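Okay, so here's the structure we're looking at.
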Amino acid sequence: MKILVDHGAYENFGDLAMLEAALARLRTIPGVELAVQEAPVQWPWPGIRTMGYDIRPPGATLRRFARARILAGPPRAAMHAAARCWQLLAHHLAGLAGGTGAWPVRIAGGPQRLSQFCAQFDALFVAGGGDLNDVFPQALWRCCCLVRGFAAQGKPVFLSGQQIGPIRHAGSARLLRAALRRATFVGVREPGDSWRLATAAGLAGARLALTGDDSLGLLPAAADAIDAALAASGIGREPFLAVNIRIGPYVDVAADSLPAIARVLDGVAGRCRLPLLAVPISVADEDSDLQAAEALARCLRRPLPILRGNRLSAALLKGVLGRAHGAIGMSYHFCTFALSQGVPAIALYAGDYYAQKAAGLADCWGDARLAEPIARLDDEAPGRLLQLLGDEALRARLREAAPMAARNWEDAFAAHVVRPLAGRAQAYLNSVKSSQ
């Protein structure tokens, strides 16, 4: 039985953590062969086949998206143009509902029809991520095409640990709802907007579950590797405050926000007398946390060592954040890595995309103070953040909730993904034996 594993782990260790956790469980299913969309970061799974493919929206529609500048928070006229783009995409995808599957898939060796591409596999698994929204039109289009293509052939489709939204346009909402309705199972990672949008698509019962983030299933690196990484950064075994900042085309944070963020971090670190350490999650050129940390360091009054090296991995970053006294940053997985090990993490946010992430974290971990808008970083912010980081009752709750969240994810993934696929794999093996 062949399973296609689609994901969004493009030089982002948070997305890679979700993929690794899922693969560790999927590869235990007897008789299963996994084919994983190619990831540009180092591949830690020898023996699992990777394959490059892409399903792009029509070129004219993509050019309209570029003109609309949807990712940059466009004005009213551009928003209307973007809405029209989503209507066109929904129209293009409607043809897939009849099972024609004529849309081209770009792969090595030349393009194939979508129906031909999907025919190679017996099931589709989409690893957790934050791509099911109209912030990333190409990623949403690819996922919707794959779901519709597999469903048209009567093949099961599983999605786990998803952030669904934000959705700004009626066309993208129709596109997404039509795809979700065809899924065998959808797991969402937060109980707010993602759950609401999933239920609005008609998902209920055993087809929908609050799984939490897929990275909950990833174990941190070994202690000696964490010690070495911290020592190389000049931290050693002393307590520290972890920091993460992101600037990119989909992030509503500009470089001119860094001085205000730096003033707050200087205030927090100075009062608690702890060193800072920048921990990157994304290392892609367009939204590099390393470059953002370097820019932030120029605004700070105190040193900001940056965790670097060619041996960075999702497990190592998770392990480092488990050693922190507290974490203040923007990346969803920067915060999740810390919170899932009982370390208080404050999610800074701006714009609706990161607002949903921060609100989801606060909902999942039961404390609204964990979400802090960047616009609110005033002179009182250091005291407010220090109060949260020093809240021992919160630390106790997190230490209790973290292993429960990991067990919930493990149980949900086993019940809704692994066991159904294992049953199908066994049926496939039985059919092969009976035909011999």
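The values are calculated or read from the model by the stated rules, or taken from the named source; none is laboratory data. Quick caveat, the model's predicted, so the values are computed rather than measured. Counting neighbours? That spans all protein chains shown, and the Cβs are built from the backbone with ideal geometry, glycine included.
Values for this structure:
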| item | result |
| --- | --- |
| Residue within segment 140-156 that is more than 25 Å from residue 52 (Cβ to Cβ), in contact (Cβ under 8 Å) with a residue 40 or more places away in the chain and touching a Ser or Thr at 6+ places or on another chain (Cβ under 6 Å) present | no |
| Complete set of residues in segment 108-157 that are among the basic types (Lys, Arg) and assigned to a loop (DSSP other than H, G, I, E, B) | 155 |
| Where residue 199 falls short, out of the listed (1) without any contact (Cβ under 8 Å) to a residue 24 or more places away in the chain; (2) among the hydroxyl-bearing types (Ser, Thr, Tyr); (3) crowded, with 24+ Cβ neighbours inside 10 Å | (3) |
| Residue in segment 65-76 that is assigned by TED's automatic domain parsing to the domain that holds residue 133, modelled with pLDDT under 65, more than 22 Å from residue 250 (Cβ to Cβ) and surrounded by fewer than 16 Cβ atoms within 10 Å (Cβ to Cβ) present | no |
| Failed item, numbered, when residue 378 is tested on (1) surrounded by fewer than 14 Cβ atoms within 10 Å (Cβ to Cβ); (2) closer than 25 Å to residue 239 by Cα; (3) more than 28 Å from the chain's Cα centre (by Cα) | (2) |
| Extreme residue, farthest from residue 313 (Cα to Cα), among residues of segment 14-25 that are over 9 Å from the mean Cα position of the chain (by Cα) and not aliphatic (A, V, I, L, M) | 25 |
| Residues that are in contact with a helix residue (DSSP H, G or I) (Cβ under 6 Å, 6 or more places away or on another chain) and of a type outside the set (Phe, Trp, Tyr), drawn from segment 355-366 | 356, 357, 361, 362 |
| Selected residue (only one of 295, 278, 327, 269 is surrounded by fewer than 16 Cβ atoms within 10 Å (Cβ to Cβ) and either assigned by TED's automatic domain parsing to the domain that holds residue 248 or modelled with pLDDT under 95 (or both)) | 295 |
| Options 178, 183, 228; residue that is in a helix (DSSP H, G or I), more than 29 Å from residue 322 (Cα to Cα) and either without any contact (Cβ under 8 Å) to a residue 24 or more places away in the chain or not basic (Lys, Arg) (or both) | 178 |
| Search result, residues across segment 209-257 that are over 22 Å from the mean Cα position of the chain (by Cα) and on the phi > 0 side of the Ramachandran plot | 234, 236 |
| Checklist (1) of a type in the set (S, T, N, Q); (2) at pLDDT 85 or above; (3) touching a Ser or Thr at 6+ places or on another chain (Cβ under 8 Å) applied to residue 42, failing item | (2) |
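Here is a yes/no grid of residues against (1) under 30 Å from residue 204 (Cβ atoms); (2) more than 26 Å from the chain's Cα centre (by Cα); (3) surrounded by fewer than 17 Cβ atoms within 10 Å (Cβ to Cβ):
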{"residue": "358", "(1), (2), (3)": "yes, no, no"}
{"residue": "363", "(1), (2), (3)": "yes, no, no"}
{"residue": "367", "(1), (2), (3)": "yes, no, no"}
{"residue": "373", "(1), (2), (3)": "no, no, yes"}
{"residue": "394", "(1), (2), (3)": "no, no, no"}
{"residue": "407", "(1), (2), (3)": "yes, no, yes"}
